[in-house]
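Peer 1: One structure coming up, written as structure tokens, with questions to follow.
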Amino acid sequence: MDRKFAISLLEKHVTTPHIIKHSYAVEAVMRSLANKLGSQDEEKWAMAGLLHDLDNDTVDWKSDMSLHGPKTIELLKENDFGTEDMYRAILAHNPLNGSRIESDFERALYAADPITGFITAIALVYPDKKLSSVKLKSITKRMKETRFAAGANRQAMKSIEKLGISFNDFAQLSLDAMREISDTLAL
Ligand SMILES: [Fe+2]
């Protein structure tokens with residue numbers, strides 16, 4: 001798993017700045033989750049996070065969301081990058097392509113994807129718009145406000161508990177992972 005090559009793929013195929021930042025955020029959360037769960041595949045989990053939205057500019061999200069995932073796998077295979085379990089995790093983060101979650105790896109990405117956007121939305125409410133202003137309590141409070149960041153899939157984030165991690169631990173881990181790259185995220 002060559003991270004430099006993965007970044008070159010990301011920068012080549014994704015031009016939307018907030019999706020690039022989101023990709024780095026999901027990478028950081030996936031790396032931290034792999035660590036927490038004692039997975040041997042830390043780098044693989046991280047790269048799945050980094051590249052899960054690689055087809056962002058290729059797929060028309062309005063007309064054919066079922067291609068979101070399969071198209072990324074196509075791009076990765078063309079570049080001879082990735083492994084089967086990584087492809088499955090990337091596919092399964094978008095249920096609209098008909099895939100189902102089976103492994104812990106797939107579950108981790110499914111939960112890590114929405115929590116990064118959710119934490120970003122919470123940070124942006126503060127006057128300084130900084131992750132350093134976000135507390136675990138802000139996250140748990142906002143989880144209950146269903147109208148806040150309504151697009152953030154609460155059920156997906158909560159489903160992390162199936163891996164034996166409490167939601168609170170997951171939220172704190174994600175916040176910490178994102179804080180470590182706050183410069184990259186400009187948050
Ligand atoms: Fe995503």
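The values are calculated or read from the model by the stated rules, or taken from the named source; none is laboratory data. Note that this is a predicted model, so its numbers are computed, not measured. We place every Cβ from the backbone using ideal geometry, glycine too, and count neighbours over all the protein chains shown. Protein only, heavy atoms only, side chains kept; ligands, DNA and RNA dropped before computing areas. Shrake-Rupley method; radii C 1.70, N 1.55, O 1.52, S 1.80 Å.
Peer 1: With a sphere of radius 13 Å drawn around the Cβ of Leu67, what net charge do the other residues whose Cβ falls strictly inside it have (Lys, Arg +1; Asp, Glu -1)?
Peer 2: Working: positive: Lys62, Lys71; negative: Asp53, Asp55, Asp57, Asp60, Asp64, Glu74.
That works out to -4.
Peer 1: If you fit an axis through the alpha-carbon atoms of helix 17-36 and take the longest principal axis of the Cα set of the chain, what angle between them do you get, 0 to 90°, nearest 10?
Peer 2: For 17-36 against the chain, the angle is about 80 degrees.
Peer 1: Follow-up. When the Karplus curve 6.51 cos²θ - 1.76 cosθ + 1.60 is applied with θ = phi - 60°, which whole-Hz ³J(HN,Hα) does each residue of the stretch 145-151 get, with x for Gly and Pro?
Peer 2: Once θ is set to phi - 60°, the couplings for the stretch 145-151 become 8, 5, 7, 7, 6, 4, x Hz.
Peer 1: Also, quick follow-up: Hey, in the GNM for the chain with a 10 angstrom Cα cutoff, which one of Glu78, Glu11, Glu161 fluctuates hardest?
Peer 2: In the Gaussian network model the winner is Glu78.
Peer 1: Below 15 angstrom from the Cβ of Ala171, what's the summed charge of the other residues (Lys, Arg +1; Asp, Glu -1)? Please list the in-between numbers first.
Peer 2: Numbers: positive: Lys36, Lys135, Lys137, Lys141, Arg142, Lys144, Arg154, Lys158, Arg179; negative: Asp113, Glu145, Glu161, Asp169, Asp176.
Here the count lands on +4.
Peer 1: If ligands, DNA and RNA are left out, what is the accessible area of Thr83 with a 1.4 Å probe, given in Å² to the nearest 10?
Peer 2: Taking all protein chains as shown, Thr83 has close to 40 Å².
Peer 1: Calculated from DSSP H runs of 4 or more alone, at -39500 (n - 2.57) each and per residue, what is the 222 nm mean residue ellipticity of the chain, nearest 500? Don't skip to the answer; put the middle values down first.
Peer 2: Working: 10 runs with 113 residues, N = 187.
-18500 deg cm²/dmol, from helical runs alone.
Peer 1: A further question follows. For the stretch 91-151 and the stretch 13-41, what is the separation of their C-alpha centers, rounded to whole Å?
Peer 2: The distance from the Cα centre of the stretch 91-151 to that of the stretch 13-41 comes to 13 Å.
Peer 1: Which value, in Å³ per residue, describes the convex hull spanned by the Cα atoms of the chain?
Peer 2: Values: hull volume 21.1 nm³, N = 187.
Dividing the Cα hull volume of the chain by its residues yields 113 Å³.
Peer 1: Moving on. Angle between the Cα long axis of helix 3-13 and the longest principal axis of the chain, 0 to 90 degrees, nearest 10?
Peer 2: Rounded to the nearest ten degrees, it is 80.
Peer 1: Leaving out same-chain residues fewer than 8 places away, which aspartates and glutamates sit with a Cα under 14 Å from that of Lys135?
Peer 2: Asp169, Asp176
Peer 1: Among Thr58, Ala149, Met178, which residue has its Cα positioned farthest towards the positive end of the charge dipole of the stretch 3-185, with +1 placed on the Cβ of Lys and Arg, -1 on the Cβ of Asp and Glu, and the dipole taken about the Cα centre?
Peer 2: So the residue furthest toward the plus end is Ala149.
Peer 1: About its Cα centre, what dipole magnitude does the stretch 94-187 give when the only charges are +1 on Lys and Arg Cβ and -1 on Asp and Glu Cβ, stated in debye to the nearest 20? Spell out each step's value before the answer.
Peer 2: Details: 14 positive and 11 negative charges, 106 e Å.
In debye, rounded to 20, the stretch 94-187 gives about 520.
Peer 1: Continuing with the same structure: Please work out the FRET efficiency for the pair Leu136 and Ala186, using the Cβ-Cβ distance as r and a Förster radius of 30 Å; give the result to the nearest 0.05.
Peer 2: Numbers: r = 22 Å, r/R0 = 0.74.
Efficiency, from the Cβ-Cβ distance: 0.85.
Peer 1: Right, something else. Using a 1.4 angstrom probe, figure out how much accessible area the stretch 3-185 has per residue, in square angstrom, rounded to the nearest whole.
Peer 2: Values: 8900 Å² over 183 residues.
On a per-residue basis, 49 Å².
Peer 1: In debye, nearest 20: dipole of the chain around its Cα centre with unit charges on the Cβ of K, R (+) and D, E (-)?
Peer 2: Values: 25 positive and 27 negative charges, 214 e Å.
The dipole of the chain has a size of about 1020 debye.
Peer 1: Over 20 Å between C-alpha atoms is what I'm after, so list which of Lys36/Lys77; Lys62/Lys129; Lys12/Lys62; Lys21/Lys130; Lys62/Lys130; Lys12/Lys77 land there. Mind dumping the intermediate values first?
Peer 2: Numbers: Lys36/Lys77 29 Å; Lys62/Lys129 29 Å; Lys12/Lys62 22 Å; Lys21/Lys130 15 Å; Lys62/Lys130 31 Å; Lys12/Lys77 15 Å.
Table pairs above 20 Å Cα-Cα are Lys36/Lys77; Lys62/Lys129; Lys12/Lys62; Lys62/Lys130.
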